[in-house]
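Enquirer: This is the structure, below, for whatever I ask next.
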């Protein structure tokens, strides 16, 4: 019986572990230096139709900020902060292409880079 339980655990273990969804690549227009020029960017995420993401879906974008506390034995504190939203313009089974929908401007902490970047976490917006 233990062997059967162990076998079933390993067989279905891929469904037990949560997967992290992130921006894995980006592409942008080449800035030409014109006045009032809008540089468009596409963000590639590893969420797709298999996870319920379709065209016009909105994704929340989070950044993990890690800070070391020198007063508490140099303990590291991690914050998951929402920095904005992406809107999906194309979706395939395991990936999607999205564009900026909104940036969090009010009540947002200061970041080294105030734009979305590779490695930022994404989640489906359920509002």
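The values are calculated or read from the model by the stated rules, or taken from the named source; none is laboratory data. Fair warning: this is a prediction, and the values are worked out from it, not measured in the lab. Backbone-built Cβ (ideal geometry, glycine too); neighbour counts: all protein chains shown.
Enquirer: Out of segment 1-28, which residues are within 25 Å of the chain's Cα centre (by Cα) and at pLDDT below 90? Spell out the reasoning first.
Expert: At the first step, the residues of segment 1-28 found to be within 25 Å of the chain's Cα centre (by Cα) are 13-28.
13, 14, 15, 16, 17, 18, 19, 20 - these are the residues of segment 1-28 that are within 25 Å of the chain's Cα centre (by Cα) and at pLDDT below 90.
Enquirer: Something else about it: What are the residue pairs meeting all of these: first residue in segment 74-86, first residue under 28 Å from residue 41 (Cα atoms), second residue at pLDDT 90 or above and outside any strand (DSSP E or B), Cβ atoms under 8 Å, and 6 or more apart or on different chains?
Expert: Filtered contacts from segment 74-86: 83/116; 83/120; 84/116; 86/116.
Enquirer: If I ask for residues that are touching a helix residue (DSSP H, G or I) at 6+ places or on another chain (Cβ under 8 Å) and touching a residue at least 60 places away in the same chain (Cβ under 8 Å), which ones from segment 92-127 would you list?
Expert: 124
Enquirer: Suppose we filter 122, 126 for residues that are within 22 Å of residue 19 (Cβ to Cβ) and either part of a helix (DSSP H, G or I) or at pLDDT below 85 (or both); which single one remains?
Expert: On the way: 122 fails: either part of a helix (DSSP H, G or I) or at pLDDT below 85 (or both).
That would be 126, the only listed residue that is within 22 Å of residue 19 (Cβ to Cβ) and either part of a helix (DSSP H, G or I) or at pLDDT below 85 (or both).
Enquirer: Check segment 58-72 and report whether any residue there is surrounded by 11 or more Cβ atoms within 10 Å (Cβ to Cβ), more than 17 Å from residue 24 (Cβ to Cβ), at pLDDT 90 or above and in contact with a strand residue (DSSP E or B) (Cβ under 9 Å, 6 or more places away or on another chain).
Expert: There is at least one residue in segment 58-72 that is surrounded by 11 or more Cβ atoms within 10 Å (Cβ to Cβ), more than 17 Å from residue 24 (Cβ to Cβ), at pLDDT 90 or above and in contact with a strand residue (DSSP E or B) (Cβ under 9 Å, 6 or more places away or on another chain).
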